[in-house]
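Before any comments, here is the structure.
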Amino acid sequence: MARNAHRGGPRGQEVKEFEEEVLELSRVTRVVAGGRRMRFRATVVIGNRKGRIGLGTGKATEVSIAIQKAILQAKKSLFNVAIFKDTIPHDVKVKFNSARIYLMPAGPGTGVIAGGSVKKIAELAGIKNMLSKCFGSTNKLNNAYATIEALQSLRARQAAPAKQAKPTQVAPEAKVEAEPKKEIKKPVESKDNKSK
């Protein structure tokens, strides 16, 4: 029994609350008087697949430190995504710099139809069905920020409430009680008028 208890699972490791995905890792150079200084820039998205997501970038002389800085920044920028029946509640268009993103809700079984950073962000947010189209820039960083901006602009949609019987409304004229009609007396004709 004790022998089998240690098999399979991670021993002594903490369970991570968020999944991490490196969107882009690039080498950047800064020219100074003494020459060039090389650093790495990491762009990381984190999410719990339950509607919480964050994006961050970090720079350092080593790749692992840049990724850790990006994760730290992503944790500071966490926000909740409005998800309705495993998709987004409504379509949204966003422009970020030269990148334009159009996200649309999709029916069950469609999956996330998106490319590059948009797909990774949507899956980590917990969106299972969505259509998207990227226009303009193909820069991963700009597309990632445009997607994050689009997801932040989503508004929650409530499930349709149960139909209730509407009370019948009475027209305002009908509310006024009918006044008793006054009998109009016809003038009595005198006998003199009849003979003429």
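The values are calculated or read from the model by the stated rules, or taken from the named source; none is laboratory data. Note that the structure is predicted; figures quoted are calculated from it, not measured. Every residue, glycine as well, gets a Cβ built from its backbone with ideal geometry; the counts of neighbours run over all protein chains shown.
If you go through segment 94-104, how many residues are buried (at least 20 other Cβ atoms within 10 Å of the Cβ) and touching a strand residue (DSSP E or B) at 6+ places or on another chain (Cβ under 8 Å)?
3
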**OP:** Search segment 67-93 for residues being hydrophobic (A, V, I, L, M, F, W, C) and assigned to a loop (DSSP other than H, G, I, E, B), and hand back the single one that is surrounded by the most Cβ atoms within 10 Å (Cβ to Cβ).
**Re:** ILE88
**OP:** Just need a number here: residues in segment 125-155 that are within 11 Å of the chain's Cα centre (by Cα) and hydroxyl-bearing (Ser, Thr, Tyr).
**Re:** 2
Subject >> Qualifying position, being at positive phi and not in a strand (DSSP E or B), among GLY115, GLY109 >> reply: GLY109
Original post:
Which residue pairs have Cβ atoms closer than 7 Å, lie 6 or more positions apart in sequence or on different chains, and pair a first residue in segment 81-110 that is under 10 Å from THR147 (Cα atoms) and of a type in the set (Gly, Ala, Ser) with a second residue that is in a loop (DSSP other than H, G, I, E, B) and at pLDDT below 90?
Top reply: ALA99/SER137; ALA99/ASN139
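Within segment 29-66, take every residue that is small (Gly, Ala, Ser) and not in a strand (DSSP E or B) and give me the one that is nearest to ALA106 (Cα to Cα). Walk me through how you get there before you give the answer.
In the first step, residues of segment 29-66 are kept if they are small (Gly, Ala, Ser); the result is 33-35, 42, 47, 51, 54, 56, 58, 60, 64, 66.
From what's left, not in a strand (DSSP E or B): 33-34, 51, 64, 66.
Working: ALA33: 54, GLY34: 55, GLY51: 17, SER64: 37, ALA66: 36 Å.
Result: GLY51.
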**OP:** For SER117, state whether it is within 17 Å of GLY47 (Cβ to Cβ), polar (S, T, N, Q) and without any contact (Cβ under 8 Å) to a residue 60 or more places away in the chain.
**Re:** no
**OP:** Tally the residues that are under 16 Å from LEU78 (Cα atoms) and buried (at least 19 other Cβ atoms within 10 Å of the Cβ), restricting the search to segment 129-153.
**Re:** 7
Subject >> Hey, GLY126 in contact with a Lys or Arg (Cβ under 8 Å, 6 or more places away or on another chain) and either within 15 Å of ASP86 (Cβ to Cβ) or surrounded by fewer than 18 Cβ atoms within 10 Å (Cβ to Cβ) (or both) or not >> reply: yes
Original post:
Looking at segment 51-66, which of the residues that are among the charged types (D, E, K, R) and under 21 Å from ARG27 (Cβ atoms) is surrounded by the most Cβ atoms within 10 Å (Cβ to Cβ)?
Top reply: LYS59
